[in-house]
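What follows is a short report on a single structure.
The values are calculated or read from the model by the stated rules, or taken from the named source; none is laboratory data. Just so you know, these numbers come straight off a predicted model, no measurement behind them. In this analysis, Cβ positions are derived from the backbone assuming ideal geometry, glycine residues included, and neighbour counts consider all displayed protein chains. What goes into the accessible areas is simple: the full protein's heavy atoms, side chains included, and nothing from ligands, DNA or RNA. Shrake-Rupley method; radii C 1.70, N 1.55, O 1.52, S 1.80 Å.
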Amino acid sequence: MKEEEKLIVRRIKEGTVIDHISPGSSLNVLKVLGITGEEGMTVALVMNVPSRKMGKKDIVKIEGRELTQDQVDKIALISPDATINIVRDYRVVEKRKVSVPEVIRGIIRCPNPMCITNQQREAVIPTFRRISDSPLVLRCEYCGAILERKDILDQFR
Ligand code: CTP
Ligand code: ZN
């Protein structure tokens, strides 16, 4: 572990460490995961620490929760280089990359104001299909509108 990080937040005993998050994006990572802090588990956020690979990075540590690949894949929408570390008894027992799921439901809005998912009277959950990974391109299941990564990032500003 890098010295800088060690000074900021200790290693966890059990849970999930989301590492190599794009610098400054850790609050959005929590948002995407639906973690508000009201759940009660211990969560540590580390922002803008030096990283050899990335220059700077964010880290999120969630104690006592092993997030599934499904849950964390949504993170790839905003932070494609994130790594997921599952920790048991202080050891990293599993290390995985995130990848954008084929279908994304309910996290991002359709940019088309006329889309049925943007009509208040209709309770239609915005749903997108991944049509390209790199560069990232998503298409609305309902109106065909196209979203790129910058459109997604804009929604989290
Ligand atoms: N970590 C933690 N608690 C533990 C074990 C690891 O908080 N009990 C954190 C580390 O601080 C690091 C991440 O989980 O942020 C990954 O740990 P590790 O695989 O040991 O670090 P690296 O080898 O540097 O990871 P990578 O090769 O993915 O950069
Ligand atoms: Zn749409």
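Scoring Ser51 on the criteria (1) within 14 Å of ligand 1 (Cβ to nearest atom); (2) touching a helix residue (DSSP H, G or I) at 6+ places or on another chain (Cβ under 6 Å) leaves a single failure, condition (2). Taking the listed residues Arg139, Arg130, the one that is of a type in the set (Lys, Arg), open to solvent by 50 Å² or more (accessible area, probe 1.4 Å) and farther than 22 Å from Ile21 by Cα is Arg139, with no other qualifying. Determine, yes or no, whether Asp73 is more than 23 Å from Val137 (Cα to Cα) and surrounded by 18 or more Cβ atoms within 10 Å (Cβ to Cβ). The answer is no for Asp73. On the given criteria, is Glu94 of a type in the set (D, E, K, R), farther than 23 Å from Asp154 by Cα, within 16 Å of ligand 2 (Cβ to nearest atom) and open to solvent by 50 Å² or more (accessible area, probe 1.4 Å)? In short, no.
Ile104 fulfils the conditions (1) more than 16 Å from ligand 1 (Cβ to nearest atom); (2) crowded, with 21+ Cβ neighbours inside 10 Å; (3) β-branched (Val, Ile, Thr); (4) outside any strand (DSSP E or B) except for a single criterion, (4).
With the structure loaded, tell me whether Arg96 is without any contact (Cβ under 8 Å) to a residue 40 or more places away in the chain, within 16 Å of ligand 1 (Cβ to nearest atom) and either within 24 Å of Pro23 (Cα to Cα) or in contact with a helix residue (DSSP H, G or I) (Cβ under 9 Å, 6 or more places away or on another chain) (or both) or whether it fails that test. Against the criterion (without any contact (Cβ under 8 Å) to a residue 40 or more places away in the chain, within 16 Å of ligand 1 (Cβ to nearest atom) and either within 24 Å of Pro23 (Cα to Cα) or in contact with a helix residue (DSSP H, G or I) (Cβ under 9 Å, 6 or more places away or on another chain) (or both)), Arg96 qualifies. Only residues that are crowded, with 16+ Cβ neighbours inside 10 Å and among the hydroxyl-bearing types (Ser, Thr, Tyr) were counted in the stretch 21-65, giving 4. Modelled with pLDDT of 95 or more and more than 11 Å from the chain's Cα centre (by Cα): does that describe Thr16? When the stated conditions are applied, Thr16 passes them. Cβ-Cβ contacts under 7 Å between residues 6 or more apart (or on different chains), taken from a first residue in the stretch 60-83 that is assigned to a loop (DSSP other than H, G, I, E, B) to a second residue that is within 16 Å of ligand 2 (Cβ to nearest atom) and at pLDDT 90 or above, are listed as Ile78/Ile152. When you scan the stretch 107-155, how many residues do you find that are part of a loop (DSSP other than H, G, I, E, B), more than 12 Å from ligand 2 (Cβ to nearest atom) and out of contact with any Ser or Thr (no Cβ under 8 Å at 6 or more places or on another chain)? Selection size over the stretch 107-155: 7.
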